[in-house]
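Working notes, structure below.
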Protein chains: 2
Amino acid sequence: MNLLKFFNWGIKPISFLLFLHCFTNSFAQANNNKPYAEIAQQIIRTALAEGQAYRLLAELTSFGPRLSGSPQAAAAVEWSRQTMMKLGFDNVRLQEVMVPHWVRGPIEEAAVINSATTGTIPLTVCALGGSVATPEMGIVAEVVEVKSFEELRTLGKKAEGKIIFFNRPMDASKINTFEAYGGAVNQRGSGAIEAAKAGGVAALVRSMTTRLDDVPHTGGMGYQDGVPKIPAAAISTIGANLLSQIIAQEKTVRLRLKLTCQTLPDAPSANVIGELTGAEKPEEVIVVGGHLDSWDKGTGAHDDGAGCVQSIEVLRLLKALNLKPKRTIRAVMFINEENGLRGAEAYGREAAMSKGKHIAAIESDRGGFAPRGFSVETDSARLARLVSWAYLFKDIGADNIFRGGSGADISVLVRQGVPGIGLVPESQRYFDYHHSDNDVLAAVNERELNLGAAAMAILCYVVAQEGL
Amino acid sequence: MNLLKFFNWGIKPISFLLFLHCFTNSFAQANNNKPYAEIAQQIIRTALAEGQAYRLLAELTSFGPRLSGSPQAAAAVEWSRQTMMKLGFDNVRLQEVMVPHWVRGPIEEAAVINSATTGTIPLTVCALGGSVATPEMGIVAEVVEVKSFEELRTLGKKAEGKIIFFNRPMDASKINTFEAYGGAVNQRGSGAIEAAKAGGVAALVRSMTTRLDDVPHTGGMGYQDGVPKIPAAAISTIGANLLSQIIAQEKTVRLRLKLTCQTLPDAPSANVIGELTGAEKPEEVIVVGGHLDSWDKGTGAHDDGAGCVQSIEVLRLLKALNLKPKRTIRAVMFINEENGLRGAEAYGREAAMSKGKHIAAIESDRGGFAPRGFSVETDSARLARLVSWAYLFKDIGADNIFRGGSGADISVLVRQGVPGIGLVPESQRYFDYHHSDNDVLAAVNERELNLGAAAMAILCYVVAQEGL
């Protein structure tokens, strides 16, 4: 669109003013009688005009992917500590914890090797996180395609010795992409277990995305005691569609799969913690956090670099605005969300033993997109209290406060009875990037990231002043 | 984030179910007693799962930028006609109109030429749309920086013979980026006029974006009868900041500016129109449209390829779902929104003379981002009626229906008394791309584009059934 037509092509100025009016619309209501409304506006304006979250994210992602146990994760831990020190946070410290240490190998290959019509066809795959390697020569076996564990079980003996290809797509018709993810991700998480139980020799899983491209999406997978550990890989959606077509045409299709990943001994790492100490009730704590580790594809810009820098930005914003919270606001960069939750468990253990009291825990781990609200795990009275503050988030369109899951890293606190709150951003784009080479700084919009930080800062400040 | 932790690390299944619950939250309310709720859900699901808008946008943007009068615009007109025919729309036709024909020249150069400390420094610029060229040898003159027309006027004689550098940024602290745009765009639209009045020899305008990059943003500019026509160019935000710093350091800074753009005679072009003819009141028409032309930077993916393909998709979706509207729904691809509004005027003239009646006009021209609501120009009774249907858009977060400007192409109809409705998407990213090389297909997310089309399809259908 082009406002200039209103200047240049003879339309009256009044039309222009009416037109401009649409840009100010309902966002410009006076909020004078509403507590914290002015402070919320200040936080939003400051975050948008002088926000540092994107600059911090550029620094954090510059180290590369931050898988637990990796040198890059160690760099991120030290960067977080130094950043919090430089920003003048209180009580900056590391909370040490041992983390799993899985490494992707240099070779990840898959190919259709006996296609009668087209010859050898390479497929784009990557190992799922936690997978064992294939034998050094790779696995060569026939592939069978299934859409569900139920379908796999009906195969009986036909699955034995085969590579099991789990090809149920995320349901694109779902409005909320996390719901679509929830409906497909058991293939990734338990595919290797179910395939092995059926006698399969490897699992190949359609990438968890609704986007059609040649970028495989990794992610956590599990094994089960007493069930053979077989290699598991993700295949790009383009590769999955192609493979499915070849199977439909040729019926008997053989694949070669080679993965060289391995699990090393647990490695030392740490959560990174810094605070704004409460002016009146310092022993009462509001946690705001994200997870510092990422998968080893892309650079974890949305997952969850965004949540980390937003949490740091919450404290930085409040300091910059000279807002002194009554209760302590504590930023926690949790380590090892993706493949162990060891950081969350360590933090939870300390919280359970400490004399201080956690008033609330807020996590951002659904990407750095425009915020739409908060998903809350607590009792009805507290939920109602939070909803009563929804007007503070209306101007930025983030006033949808509802009952639902909060976040993985704060789930340990939630089980201890702490109200858990998850920032809910617009979900449409998340799985375009998630756990893949696409999850890089360029996929994050600075203003959207800033608005998420502002939403969290407002909520933290209000809860720090009012309790919950 | 990684749901798998709930499978693999010993957290009870109940936690997982609670966690998944957050993905279904308030979006899953039963809408059984609400008219059109089921149809709205069907439209949304179909748009998300089987939408064609992105495929159409890929085709449309493949021709290149579509500035009025260009071969690419002609290709877009013919593509629209053929696409509507292929999709089986009724009464597909061209509405011919002559359009302005401005062309950017091959040379667009600017440089600081006398910097004592750093030598010649090139700056990234592009001509503003409609600008005259510089003399063939370029313009060499001292540059003066101003933040406003008021400041320019206070310069008096000091502005004479100078290149006037308008460097007031868009105000990033505004939540709505269109409001920030509205506060800065007079520099682009009237900068050349005001600079010439002050005795300036050229206007150099900071690009209309809050993003810091080296990509200049073009856009419409005007001249005024009786005021000399001087060349006008946009400078990238990085270039603007650099130039401002050099001026602050060196006080007297000389620039060389060369532009080779020109205005050719008006060229023939056309609006493209296709319909779903109303089953009961075919003479009553709901217009849904966008503009087919774009600026000649990028490929006009968001501005306004998105609005065009969404409008086509509205009709396609209703046909695919076998929904037969009582009133006619007419898709209009308006030509020449960016630098003339000739298509809108031609459509308006015909509408004023025709026997049919326009019930409403809906435009999408704010980018293909996740929809957040509609901005409406009509009387209070009709606005209230539209607001009463807001529940249909709640699941997709597009239920903010408020009084405000609608769209440039439908403004002619609005002046005839037709209710005008603008689709309002999330605005944070729009000016990253707007009128620049950044506005390409890759900047558009398929799901967000589909949701906008779904929102318009729901509204069109309800108004077609119920009137307004």
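Some notes on this structure:
- Couplings for region A:84-97, taken from phi via the Karplus curve 6.51 cos²θ - 1.76 cosθ + 1.60 with θ = phi - 60°, read 5, 4, 4, 7, x, 5, 8, 6, 5, 7, 9, 10, 6, 7 Hz in order; Gly and Pro are left as x.
- From least to most packed, judged by other beta carbons within 10 angstrom and beginning with the fewest, B:R447, A:R327 follow the order B:R447, A:R327.
- Cα extents of region A:105-260 along the three principal axes, largest first (Å): 41, 39, 35
- Chain A: angle of helix A:186-197 to the longest principal axis, Cα-based, in degrees nearest 10: 30 degrees
- Sorted by Cβ density within 10 Å, fewest first, the residues A:T237, A:T260: A:T260, A:T237
- Shortest-first nm distances, B:Q262 label point to equivalent points in other copies (7 Å, Cα→Cβ): 7.0
- For the pair region A:176-206 / region A:396-467, the C-alpha centres are spaced 27 Å from each other.
- Contact order normalised by residue count of region A:105-260, Cα under 8 Å, 6+ apart, percent: 38 percent
- Shown for B:P35: label points 7 Å from Cα along the beta-carbon vector, and their distances to the equivalent points in the other copies, 4.2 nm in ascending order.
- Evaluated at q = 0.20 Å⁻¹, the base-10 log of the normalised Debye intensity for region B:197-314, with identical point scatterers placed on the Cα atoms, takes the values -1.25.
- Kirkwood Rh, Cα atoms: Rg over Rh of region A:79-174: 1.20
- Over all pairs of different C-alpha atoms in the protein assembly as shown, the reciprocal of the mean inverse distance, the Kirkwood hydrodynamic radius, equals 29.4 Å.
- Note on A:D365, B:D409, B:D225, A:D214: ascending count of other Cβ atoms within 10 Å places them as B:D225, A:D214, A:D365, B:D409, the fewest first.
- Cα-only Debye scattering, region A:127-208: base-10 log of I(q)/I(0) at q = 0.12, 0.14, 0.23 Å⁻¹: -0.35, -0.47, -1.06
- Relative contact order (%) - criterion: Cα under 8 Å, at least six apart; region: chain B: 20 percent
- Helix axis angle, A:306-320 relative to chain A longest principal axis, alpha carbon, degrees: 10 degrees
- Under the convention that each Lys and Arg Cβ holds +1 and each Asp and Glu Cβ holds -1, the size of the dipole of region A:149-247 around its Cα centre is about 200 debye.
- Considering only Cα atoms, the convex hull volume of region B:325-436 works out to 116 Å³ per residue.
- Point-charge dipole on Cβ atoms (K/R +1, D/E -1) for region B:381-427, about Cα centre, debye to 20: 280 debye
- Per-residue ellipticity at 222 nm from helix content only, as computed over chain B with -39500 (n - 2.57) for each DSSP H run of at least four residues, stands at -10000 deg cm²/dmol.
- Cleavage-rule hits (trypsin sites (Lys or Arg not before Pro)) in region B:330-370: DSSP loop, at most 16 neighbouring Cβ within 10 angstrom: B:K355
- Relative to the other identical copies, B:R415 shows label-point distances of 6.7 nm, where the label point lies 7 Å from Cα along the Cβ direction and values run shortest first.
- Looking at chain A alone, DSSP beta bridges between its own residues are antiparallel in about 50 percent of cases.
- Evaluated at q = 0.16, 0.31 Å⁻¹, a Debye calculation over the C-alpha positions of region B:265-315 (equal weights, vacuum) places log10 I(q)/I(0) at -0.59, -1.19.
- Remark: mean inter-chain Cβ contacts per residue of A:405-412 equal 5, using a 10 Å Cβ-Cβ cutoff to other protein chain atoms.
- Model label points for B:M353 and A:T263, set 7 angstrom from Cα along the Cα-to-Cβ axis, are 7.8 nm apart.
- Note on B:A384 and B:Q224: the extension gain reaches 53.5 nm, defined as 0.36 nm multiplied by sequence separation minus the Cα-Cα distance.
- Across A:K174/A:K394; A:K157/A:K229; B:K34/B:K324; B:K281/B:K319; A:K147/A:K174; A:K281/A:K319, pairs whose alpha-carbon gap is larger than 22 Å: A:K174/A:K394
- Compared with the alpha-carbon gap, the fully stretched path from B:N322 to B:V103 is longer by 74.4 nm at 0.36 nm per residue.
- Equivalent ellipsoid of chain B: semi-axes from √(5λ) of the C-alpha gyration tensor, largest first, are 43, 28, 19 Å.
- Once exposed loop GluC sites (Glu not before Pro) are cut out (DSSP; at most 16 other Cβ, 10 Å), longest piece of chain B: B:281-468
- The simple Förster model, with R0 at 22 Å and r as the Cβ-Cβ distance, assigns B:E150 and B:Q249 a FRET efficiency of 0.30.
No lab work stands behind these numbers, since they all come straight from the coordinates. All of these numbers come straight from a predicted model, not from anything done at the bench. Note that we place each Cβ from the backbone using ideal geometry, even for glycine, and neighbour counts take in every protein chain shown.
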